[in-house]
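Asks: First the structure, then my questions, so here it is.
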Amino acid sequence: MSEPGIPASPDAVDADWLTACLRHGGDPAARVVDFDATDVGTGQVGRNVRFALQLEGASEATPGSLVAKFPSDDPVSRATGVAQGNYLREVRFYRELVHTVDIRTPACHYAAFDPDTSNFVLVMEDMAPAVQGDQIRGCDVDQAALALSELAALHAPRWNDPALGEIAWLQRGSEDSANLLQVLYGSVLGGFRERYEARLDAEAIALIQDFAPKAGAFVRAGFKGPRAVTHGDYRLDNMLFGEGSGAAPLAVVDWQTPGLGHPAGDASYFLGAGLLPEDRREHERALLAHYHRELEKRGVSGYDLETLHADYRTFAFGGVVMAVVASMIVGQSKRGDDMFMAMASRHCAHAIDWDSLAAIPD
């Protein structure tokens, strides 16, 4: 079966292309005769569009709508997505890796990347009426537990699987990436402080500054320990919480940064800013114990809870790095600024609470 191809933009989508996507996804008879398109989500590096379909020849299994993901319209964000390999990586995750892990994601009807133009498209199951998480507002403890259960479903199936080392496109820590972060963090730090210092307290700014000489060592600290498929940006904006009977409780999206890395990094990144600080302080150890039990239920052994706590402490800076660096290399928006400030303040509080700077070697 020939592939549908990649539209130049969402505006270039037509009924024939949507029909071809349905056929590629295994629906041989349905035909799209008309559709409505609406932008959805809050993505910084990609643009998501919901296509509500008018159909002929549909079966009960034919979806009434699809969500397609395209490159960002913002030139800065698009350049970042291309330069960092995010678009290609997300397509390869859906084409090559998603079926080897158990985390719930939207089913993918079609995924393609054009190396000549760096255009890409993902055509996915529409999870509506699921509700997108809100990184700014945060979540409750039950939602956090659900997210950690799904995280174990990502990590456990390929835990310490040596075959992952053969997947070259997965992000991973290396001496080169440690040196790169050392340079990159230092290069954007001044601009970050100029733009955002007035929105953060003095203790957070001091921590962000004191981390600068340790940025490379932070990456190197992750060279040891277990390895698994990691999400790389496991936060509420990338989670769809199901509503109603029969809905998936949680589906995780935005697979632009999957890696071969330390699984505790995802857990620390999520809890550091997913919960408001007072809720995190009260519940994080119980939530970590829940995540650890979920790993063991799925067959992981030889990784005790005490070691998880130590790793969780070290990786608290993952969110600080994301807030400082990502905020300066994607297009700026009010919602983006508010999100990055929520992340920066909560992740700094997280690292301070756990004295994480002392866990990173000099």
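The values are calculated or read from the model by the stated rules, or taken from the named source; none is laboratory data. Everything numeric here is computed off the predicted structure, so don't read it as measured data. Cβ: placed from backbone, ideal geometry, glycine included. Neighbour counts: every protein chain shown.
Asks: Do we find that Val320 is over 26 Å from Leu164 (Cβ atoms), crowded, with 24+ Cβ neighbours inside 10 Å and not small (Gly, Ala, Ser) in this structure?
Replies: Yes.
Asks: Take the conditions free of Cβ contacts under 8 Å to residues at least 24 places away in the same chain and either under 29 Å from Ser77 (Cα atoms) or part of a loop (DSSP other than H, G, I, E, B) (or both) and apply them to Thr19. Does it pass?
Replies: So Thr19 does not fit the description; no.
Asks: Give the range 290-317 a look and list any residue that's of a type in the set (Ser, Thr, Tyr) and surrounded by 14 or more Cβ atoms within 10 Å (Cβ to Cβ), or say none.
Replies: Tyr291, Tyr303, Thr307, Tyr312, Thr314
Asks: Applying the selection to the range 24-38, what residues are exposed (fewer than 14 other Cβ atoms within 10 Å of the Cβ), of a type in the set (D, E, K, R) and in contact with a helix residue (DSSP H, G or I) (Cβ under 8 Å, 6 or more places away or on another chain)?
Replies: Residue satisfying the conditions is Asp34 alone.
Asks: Are any of the residues in the range 75-90 surrounded by fewer than 16 Cβ atoms within 10 Å (Cβ to Cβ), more than 18 Å from the chain's Cα centre (by Cα) and more than 26 Å from Leu151 (Cβ to Cβ)?
Replies: yes
Asks: Where residues in the range 62-73 are touching a Lys or Arg at 6+ places or on another chain (Cβ under 9 Å) and not small (Gly, Ala, Ser), which of them is farthest from Asp116 (Cα to Cα)?
Replies: My answer is Leu66.
Asks: Next up: Which ones in the range 170-195 are under 24 Å from Trp255 (Cα atoms) and of a type in the set (Ser, Thr, Tyr)?
Replies: Ser174, Ser177, Tyr185
Asks: Given the conditions (1) more than 19 Å from Glu284 (Cβ to Cβ); (2) crowded, with 18+ Cβ neighbours inside 10 Å; (3) among the small types (Gly, Ala, Ser), which single one is not true for Ala349?
Replies: (1)
Asks: Determine whether the range 245-259 contains at least one residue that is at positive phi and free of Cβ contacts under 8 Å to residues at least 40 places away in the same chain.
Replies: yes
Asks: Quick one: count up the residues across the range 98-117 that are among the hydroxyl-bearing types (Ser, Thr, Tyr), surrounded by fewer than 17 Cβ atoms within 10 Å (Cβ to Cβ) and in a loop (DSSP other than H, G, I, E, B).
Replies: Here the count works out to 1.
Asks: So how many residues does the range 28-75 have that are among the charged types (D, E, K, R) and either under 30 Å from Tyr234 (Cβ atoms) or part of a loop (DSSP other than H, G, I, E, B) (or both)?
Replies: 7
Asks: Assess whether Ser327 counts as being buried (at least 21 other Cβ atoms within 10 Å of the Cβ), at pLDDT below 95 and within 24 Å of Gln171 (Cα to Cα).
Replies: Against the criterion (buried (at least 21 other Cβ atoms within 10 Å of the Cβ), at pLDDT below 95 and within 24 Å of Gln171 (Cα to Cα)), Ser327 qualifies.
Asks: Next question. Out of Ala221, Ala178, report the one residue that is in the same structural domain as Pro157 (by TED's automatic domain parsing) and modelled with pLDDT of 95 or more.
Replies: Ala178
Asks: Output the residues belonging to the range 163-196 that are more than 23 Å from the chain's Cα centre (by Cα) and loosely packed, with under 14 Cβ neighbours inside 10 Å.
Replies: Correct list: Glu175, Val183, Gly186, Ser187, Gly190, Gly191, Glu194.
Asks: Report yes if Ala58 is within 20 Å of Thr117 (Cβ to Cβ) and either surrounded by fewer than 19 Cβ atoms within 10 Å (Cβ to Cβ) or small (Gly, Ala, Ser) (or both), otherwise no.
Replies: The answer is no for Ala58.
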